[in-house]
Amino acid sequence: MTLAGRDLTIGYSDRVVGRGLDVTLKQGEVLALLGPNGGGKTTLLKTLLGILKPLAGEAQIDGRSLDAFTIRDRARRVAYVPQVHNPTFAFTVETVVLMGRTSHGGLFSRPSAHDRDVAGRALDEFGIAHLKERPYTMISGGERQLVLLARALAQEPQFVVLDEPTASLDFGNQGKVMREIRALAASGLGVLFTTHDPNHALRTADRAYLLRDGTCLAEGEVKRVLSSEQLQELYRAPIERLVDSGSGASAFLPG
């Protein structure tokens, strides 16, 4: 099973954001999408999700055009965790996670016992079952992000797409979310996430996709693609790579 874009031209009715983009995500792998602000990352995600229609080319699930799937069928295959989620109502955490079951039932139908079991397993998976009766509006930003991940998992999709999942999180919660992304892939899901931090991609992703001004600069195995030279071209800024002499682990710092 794959989530893919083939020769995509992406953008809006009044402007083109990117051209000639080919991207593929397989189940069981993590793909990191990196690039500067305004480079087209979110537009590409929304096109792969079917939120935006491609101006040319085709977004596909397992070789079939997204247009061949109903919105409900797409939701059963691909879950989306947005960059920003500002809650309006004080739903409980459990209720928010149960919203991920909507594609498996009716919009106004009551959750079944099976739905509650699936939601409960998702809460357990992310270690937040103790929050299930808490209002979603009254938990921390890091906890909210884990709730949204649990909601995505409750959809029982094949793919999870996350737009800057660590934005506004503290250092500890960033690490926790990155670990959970790896766990999702280990369970067989394909995970695509955007990030401004190449270190997150280096430690979490299997492959990286570098996007600037709507053009793919490089794509492939993360340790090959993420070099100081490639990142300097991507961000047009000096990048320094630090390597630990003992473990060989490396990290990137802005120059």
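Key figures
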read-out	value
With 10 Å bins from 0: P(r) over the chain, alpha-carbon pairs, percent	7, 30, 35, 22, 6, 1
Rg/Rg_ref, the range 61-209, where Rg_ref = 2.2 N^0.38 Å and atoms are Cα	1.03
Selected from Ser112, Leu148, Ile61, residue furthest toward positive end of dipole (the chain; charges at beta carbon)	Ser112
Residue-count net charge about Pro54 - beta-carbon cut-off 13 Å; Lys, Arg +1, Asp, Glu -1	0
Top positive-direction residue, dipole computed over the chain with Cβ charges, set Tyr136, Val160, Phe91	Phe91
Normalised per residue, the volume of the convex hull around the Cα set of the range 128-250 (Å³)	144 Å³
Environment charge of Leu131, counting only residues whose C-beta is closer than 12 Å and scoring Lys/Arg +1, Asp/Glu -1	-1
Calculated FRET efficiency for the pair Asp170/Glu240, C-beta based, R₀ 22 Å, to 0.05	0.35
Hull shadow area, averaged, the range 118-165 [alpha-carbon convex hull, nm²]	3.4 nm²
Cβ-placed point charges (K, R +1; D, E -1), dipole of the chain about Cα centre in debye, nearest 20	420 debye
Sum of -39500 (n - 2.57) over DSSP H runs of 4+, divided by residues of the chain (222 nm, nearest 500)	-9500 deg cm²/dmol
Dipole in debye (nearest 20) - the range 124-255, about Cα centre, beta carbon charges: Lys, Arg +1; Asp, Glu -1	100 debye
Estimated dipole of the range 1-120 in Debye, rounded to 20 [Cβ of Lys and Arg +1, of Asp and Glu -1, Cα centre]	120 debye
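The numbers here are math on the coordinates, done by the rules we state, and not lab data. Everything numeric in this text was worked out from a predicted model, so none of it was measured. Note that each Cβ is placed from the backbone with ideal geometry, even for glycine, and that neighbours are counted across all protein chains shown.
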